[in-house]
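Q: Once you've had a glance at the structure underneath, I'll fire off some questions.
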């Protein structure tokens with residue numbers, strides 16, 4: 001090739017000659033917003049995926065940077081959508097888009113891998129709820145960003161963060177969310193759905209739920225405040241027992257300490273746990289209250305009738321007159337050998353009541369009242385199970401016929417299975433039918 005041919009070749013424009021970028025910028029001054037947005041997306045794709053020369057790549061980068069000053073949100077959003085997921089996108093452009101108005105920034109904040117966590121935290125600090133929500137819903141939310149959102153994030157953003165199972169939510173971050181939004185039902189539900197939520201926080205959320213429901217029914221004047229408080233307290237106790245039953249040994253120790261510090265480690269809670277056939281919470285509570293090693297306490301609890309257990313109980317702050325009831329409950333667990341079911345056992349409760357009824361004195365009246373409430377709750381649970389099983393086992397529809405007249409006749413629930421071997425008709429007493437007649 002001659003020298004003249006080489007010079008001519010160098011002067012000839014290439015498919016990506018720098019003049020193309022310059023002409024694009026001139027053209028952009030006359031095009032409408034939709035046209036500029038389409039061109040911005042095309043230029044961004046060319047920058048990312050075309051085999052540009054270094055010089056042309058630099059000029060294309062300059063062209064993309066000028067688009068940051070475009071007055072149309074449509075153009076800047078198109079640029080954000082083209083660059084959001086690209087790891088090779090220019091850092092300064094991505095950062096500028098991330099600090100734009102939320103309609104633009106949320107596109108980048110939700111997907112970019114270019115920005116550091118510190119930069120994302122800064123975007124959370126200056127962004128509105130839309131930008132914060134985009135950050136909270138990222139495929140991966142680091143511990144630092146999660147902590148920032150938990151501290152300064154608005155409610156909707158924190159709700160998304162709480163429900164993001166890929167977010168790195170440390171115990172301190174979860175605690176801060178609970179402190180700020182324990183009264184928010186949606187955030188409570190999102191947190192409770194997390195698999196490894198610390199037991200202490202789970203208990204706090206259950207308590208917040210019970211408190212919220214109690215306040216609601218009282219405000220509606222459906223029940224008296226005193227009754228609402230008792231229902232909420234019993235719900236908190238049962239919730240704590242459920243959480244304790246699924247906690248590891250180290251978590252259980254922390255949970256019991258937390259319950260004690262919040263005044264929730266009560267006689268009612270401990271008795272309820274034993275009547276649910278679970279001695280682990282009771283044993284850990286005695287270790288917490290006495291300061292003795294758990295292994296030693298567990299050994300004394302196993303020998304519930306010995307003097308060692310009595311001495312151990314005396315070192316706690318529990319009422320001394322409740323010692324016989326706790327002994328009766330521990331013995332009943334050994335005798336009945338009922339498996340953990342997550343709720344009060346009627347058999348255990350009746351056996352403890354039978355033994356405690358022999359006790360005399362006014363100081364035991366409150367104890368028996370508590371046990372009777374447990375008995376009523378356990379009996380209702382058994383009745384519900386019976387009803388559910390009866391309904392589940394029925395295989396044919398039943399027709400109810402009520403016969404009325406001068407002489408009350410039996411009410412018959414007839415089997416409509418056409419001889420399929422179902423249970424025979426049930427005949428109810430005539431006096432019951434008469435009562436139904438009068439009511440009708």
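Q: Among the helices (runs of 4 or more DSSP H) lying completely within the range 244-356, list those that include at least 1 residues that are touching a helix residue (DSSP H, G or I) at 6+ places or on another chain (Cβ under 9 Å) and more than 20 Å from residue 198 (Cα to Cα).
A: 267-275, 280-290, 294-302, 307-314, 323-336, 346-356
Q: So, in the range 1-40, of the ones that are surrounded by fewer than 18 Cβ atoms within 10 Å (Cβ to Cβ) and at pLDDT 80 or above, which residue ends up nearest to residue 69 (Cα to Cα)?
A: 33
Q: Follow-up. Failed condition for residue 173, given (1) part of a helix (DSSP H, G or I); (2) in contact (Cβ under 8 Å) with a residue 12 or more places away in the chain; (3) within 11 Å of the chain's Cα centre (by Cα), with all others met?
A: Just one mismatch for residue 173, condition (3).
Yes/no matrix, rows are residues, columns are (1) surrounded by 15 or more Cβ atoms within 10 Å (Cβ to Cβ); (2) more than 22 Å from residue 245 (Cβ to Cβ); (3) out of contact with any strand residue (DSSP E or B) (no Cβ under 8 Å at 6 or more places or on another chain); (4) modelled with pLDDT of 85 or more:
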| residue | (1), (2), (3), (4) |
| --- | --- |
| 328 | yes, no, yes, yes |
| 334 | no, no, yes, yes |
| 337 | no, no, yes, no |
| 342 | no, no, yes, no |
| 346 | yes, no, yes, yes |
| 352 | yes, no, yes, yes |
| 357 | no, yes, yes, no |
| 362 | no, yes, yes, no |
| 366 | no, yes, yes, no |
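Q: Take the conditions closer than 22 Å to residue 31 by Cα, at pLDDT 90 or above, in a helix (DSSP H, G or I) and in the same structural domain as residue 27 (by TED's automatic domain parsing) and apply them to residue 76. Does it pass?
A: Taking the combined requirement at face value, the residue satisfies it.
Q: Yes or no: the range 293-301 includes at least one residue that is in the same structural domain as residue 273 (by TED's automatic domain parsing) and more than 20 Å from residue 265 (Cβ to Cβ).
A: Yes, that holds for at least one residue.
Q: Still on this structure, please answer the following. Just to be sure I understand, how many residues within the range 217-243 are in a helix (DSSP H, G or I), touching a helix residue (DSSP H, G or I) at 6+ places or on another chain (Cβ under 9 Å) and farther than 21 Å from residue 344 by Cα?
A: Result for the range 217-243: 3.
Q: Shifting gears a bit: What residue, of 134, 182, 190, is within 27 Å of residue 215 (Cα to Cα) and at pLDDT 90 or above?
A: 190
Q: If you don't mind, another one. For the range 211-237, what are the residues that are modelled with pLDDT of 80 or more and buried (at least 20 other Cβ atoms within 10 Å of the Cβ)?
A: 236, 237
The values are calculated or read from the model by the stated rules, or taken from the named source; none is laboratory data. Because the structure is a prediction, the values reported are computed rather than measured. With ideal geometry, Cβ positions are generated from the backbone for all residues, glycine too; neighbour counts draw on all protein chains shown.
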